[in-house]
Amino acid sequence: MKELFTEQQLDWIVMGIAVLATLISLGWGFYETRKLKGSAKKALWANAILFAFTGPAIWIFWGVYNSIENYYGLDSVKALEINFGIVIGIAVFFIAVQWLISRWMPGIDSKRRRA
């Protein structure tokens, strides 16, 4: 039976998703900061840069995921548990950083002023 995608093709797909996530986040930051004044720009850029780091996080997790699956096997419950823990850890990290940004820099929506 032939595979739908080879490992190399999936690596390229995941790399493309990672690059797009970074570029879209930064593009969104450039677009939205044109509309803001004052300290709201800093908060928006902090969020845009945080979201831009999701691209490298996706790529790094893909490598770690493949390493774990190759070591334990694709049908291993142990590998599933490890990868699940890593995903939860990444999610908690990004949520915590987002929460800290919102505490250090007052909300974007409350200070949004159209130019």
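The values are calculated or read from the model by the stated rules, or taken from the named source; none is laboratory data. Because the structure is predicted, anything quoted here is derived from the model rather than measured. With ideal geometry, Cβ positions are generated from the backbone for all residues, glycine too; neighbour counts draw on all protein chains shown. Surface accessibility is based on the protein's heavy atoms, side chains included, excluding ligands, DNA and RNA. Shrake-Rupley method; radii C 1.70, N 1.55, O 1.52, S 1.80 Å.
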Helices (runs of 4 or more DSSP H) contained in segment 1-111 and holding at least 1 residues of a type in the set (Asp, Glu): 7-33, 54-72, 77-104
Taking the options 91, 79, name whichever one is crowded, with 16+ Cβ neighbours inside 10 Å and out of contact with any Cys (no Cβ under 8 Å at 6 or more places or on another chain). 79
Only one of 12, 28 is open to solvent by 40 Å² or more (accessible area, probe 1.4 Å) and under 23 Å from residue 93 (Cα atoms), namely 28
Out of the residues in segment 31-76 that are aromatic (Phe, Trp, Tyr) and under 26 Å from residue 12 (Cβ atoms), state the one that is surrounded by the fewest Cβ atoms within 10 Å (Cβ to Cβ). 71
